[in-house]
Amino acid sequence: MPVLLFLPVWLIMYVGTLEEPTRSEGVLYEGGEVYAENCASCHGAAGGGGVGPAFNNGAVIETFSNFEDQVAWIVHG
């Protein structure tokens, strides 16, 4: 019975968190900005490749099976 009494309160709290996230802030937005400014010219706007290698269709995982190796490659060139 206490659970049934708390359920409407929980529902109101849950619905209050369902707002549309802003697209002009946050880590993903900032990463997209960095990619567009520094990486897209070689790797393509969608990561399909070009002068640089492709990022999509699992190409990165084939090259760098360990993400730490990929980070080291990006940091050190």
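Can you find a residue in segment 19-30 that is open to solvent by 50 Å² or more (accessible area, probe 1.4 Å), part of a helix (DSSP H, G or I) and either of a type in the set (A, V, I, L, M, F, W, C) or touching a helix residue (DSSP H, G or I) at 6+ places or on another chain (Cβ under 9 Å) (or both)?
yes
Please count how many residues of segment 35-71 are surrounded by fewer than 11 Cβ atoms within 10 Å (Cβ to Cβ) and under 15 Å from the mean Cα position of the chain (by Cα).
So the answer is 2.
Tell me which residues, restricted to segment 36-60, are part of a helix (DSSP H, G or I), in contact with a helix residue (DSSP H, G or I) (Cβ under 9 Å, 6 or more places away or on another chain) and either acidic (Asp, Glu) or at pLDDT below 85 (or both).
60
Would you check if residue 9 is at pLDDT below 85, β-branched (Val, Ile, Thr) and either in contact with a helix residue (DSSP H, G or I) (Cβ under 8 Å, 6 or more places away or on another chain) or part of a helix (DSSP H, G or I) (or both)?
yes
List pairs: first residue in segment 39-55 and β-branched (Val, Ile, Thr), second residue open to solvent by 50 Å² or more (accessible area, probe 1.4 Å) anywhere in the structure, Cβ distance under 9 angstrom, at least six positions apart or on different chains.
51/41; 51/42
The values are calculated or read from the model by the stated rules, or taken from the named source; none is laboratory data. Model, not experiment: these values are computed from the prediction. Here the Cβ is made from the backbone with ideal geometry for all residues, glycine too, and neighbour counts use every protein chain on show. What goes into the accessible areas is simple: the full protein's heavy atoms, side chains included, and nothing from ligands, DNA or RNA. Shrake-Rupley method; radii C 1.70, N 1.55, O 1.52, S 1.80 Å.
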